[in-house]
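Asks: One structure follows; several queries about it will come next.
The values are calculated or read from the model by the stated rules, or taken from the named source; none is laboratory data. In this text the structure is predicted, and so the values were computed from the model without any measurement. Quick reminder, even Gly has a Cβ in these numbers, built from the backbone with ideal geometry, and neighbours come from all protein chains shown. To get the accessible areas, we keep the full protein, side chains included, count just its heavy atoms, and leave off ligands, DNA and RNA. Shrake-Rupley method; radii C 1.70, N 1.55, O 1.52, S 1.80 Å.
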Amino acid sequence: MTLTHFAIIAVCAYLLGSLSFAIIVSKVTLGKDIRNYGSGNAGLTNAYRTMGAKKTLFVLLGDIAKGAAAVSVGWALGGPVGKLTAGIFVILGHMFPLYFGFKGGKGVLVGAVMLAFFDWRVFVIAFALFILSVVLTKWISLGSILGAVSFPITTWLFYRDPVLTAMAFGMAAAVVFMHRSNIGRILHGAENKFSFKSKKTIEASPDGEEK
């Protein structure tokens, strides 16, 4: 992968990642910013808790699409390293979106999309840890953290490539860092537990303006 290809992948992936669909959907459909509600996070879990399942479906589809598009560009221009490069920058864009004041989500969903495109074995292991953890504890955050931590471990086991493993470690570290407040609440037993019943705490403004 040439330096030019790296730059193209990084820029395209970051700009795609900056399309925060939780924010876009909340603003377009409700005239409000999801970051002012619930956990304040522009991610899938907070979208479900505050906007309900129907609107969250659009968030899910949008975030999957941007992750898939970014990784496809990375694969076309740089192979496996290009895919991970795209993964790093699409996650950074999701966490620190250029279009929304650099305050976004925690990168779990787009990270999962990247894993699925990178290696199905790595994805299955991470997803299995996520599901098992959520079933046992009902903590989405813990499942996300465990899934992220598994990424560099399985990358090393399957590839024995120090460059790919270092990149995987960097992505996992970023996801864990974004969950630092959740880790504190988990340690104190105060983390919110997942429920299929959403509260829909955001209601549409009559004039479409934030209130």
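Asks: Mind putting a number on the dipole of the range 60-197 about its Cα centre? Charges go on the C-beta only, +1 for Lys and Arg and -1 for Asp and Glu, and I need it in Debye to the nearest 20.
Replies: Rounded to the nearest 20 debye, it is 340 debye.
Asks: Can you give the net charge of the other residues whose Cβ lies under 15 Å from the Cβ of Leu142, counting K and R as +1 and D and E as -1? List each step's numbers first, then the result.
Replies: Details: positive: Lys106, Lys138, Arg180, Arg185, Lys193; negative: Glu191.
Summing Lys/Arg as +1 and Asp/Glu as -1 gives +4.
Asks: I've got another one for you. Find how much the distance from Val135 to Ile186 grows on full extension, using 0.36 nm per residue of separation minus their present alpha carbon separation; answer in nm with one decimal.
Replies: Taking 0.36 nm per residue and subtracting the Cα distance, the gain is 16.8 nm.
Asks: Right, another one. What are the ³J(HN,Hα) values, in whole Hz, obtained from phi via the Karplus relation 6.51 cos²θ - 1.76 cosθ + 1.60 with θ = phi - 60°, for each residue of the range 147-159 in sequence order, with x given for Gly and Pro?
Replies: For the range 147-159, the Karplus-derived couplings read x, 5, 5, 5, 4, x, 5, 6, 4, 5, 5, 8, 10 Hz, x marking Gly and Pro.
Asks: Turning to a different aspect of this structure: Calculate how steeply helix 108-118 sits against the longest principal axis of the alpha-carbon atoms of the chain, using the helix alpha-carbon long axis, and give the answer as 0 to 90 degrees to the nearest 10.
Replies: Long axis of 108-118 versus the principal axis of the chain: about 30 degrees.
Asks: Ok, one more. If you average 1/r over all unlike Cα pairs in the range 28-74 and invert the result, what Kirkwood radius do you get in angstrom?
Replies: It is 11.4 Å.
Asks: A follow-up question, please. For the chain, what does -39500 (n - 2.57) per DSSP helix run (n ≥ 4), summed and divided by total residues, give at 222 nm, in deg cm²/dmol to the nearest 500?
Replies: My calculation for the chain gives -24000 deg cm²/dmol from helical runs alone.
Asks: Under the Karplus relation 6.51 cos²θ - 1.76 cosθ + 1.60, θ = phi - 60°, what is the ordered set of whole-Hz ³J(HN,Hα) values for the range 52-63, x standing for Gly and Pro?
Replies: x, 5, 4, 6, 5, 4, 5, 5, 4, 5, x, 5
Asks: How are the Cα pair distances of the range 121-161 distributed, in percent, across 5 Å bins from 0?
Replies: 6, 29, 29, 18, 11, 6, 2
Asks: If you don't mind, there's one more thing I want to ask. Strictly over 27 Å apart at the Cα level, which of Lys27/Lys83; Lys27/Lys106; Lys54/Lys103 would you flag in this model?
Replies: In this structure, Lys27/Lys83 exceed 27 Å between Cα atoms.
Asks: To continue, here is another question. Report, in degrees rounded to the nearest 10, the 0 to 90 angle that the Cα long axis of helix 21-30 makes with the longest principal axis of the chain.
Replies: The helix 21-30 is inclined about 20 degrees to the chain.
Asks: Return the single residue from Val175, Val28, Val134 with maximal mean-square fluctuation; model: Gaussian network over the chain, springs between Cα atoms under 10 Å.
Replies: Among Val175, Val28, Val134, the largest mean-square fluctuation in the Gaussian network model of the chain belongs to Val28.
Asks: Using only Cα atoms, find the angle between the long axis of helix 120-137 and the longest principal axis of the chain, and express it within 0 to 90 degrees, rounded to the nearest 10.
Replies: Compared with the principal axis, the helix lies near 40 degrees.
Asks: Tell me the Rg and the Dmax, in Å, that the Cα atoms of the chain produce.
Replies: For the chain, the Cα radius of gyration and maximum Cα-Cα distance read 17.0, 57 Å.
Asks: Leaving ligands and nucleic acids out of the surface, order Lys106, Lys138, Lys66 by accessible area at 1.4 Å, largest first.
Replies: Listed by decreasing accessible area, they come as Lys138, Lys106, Lys66.
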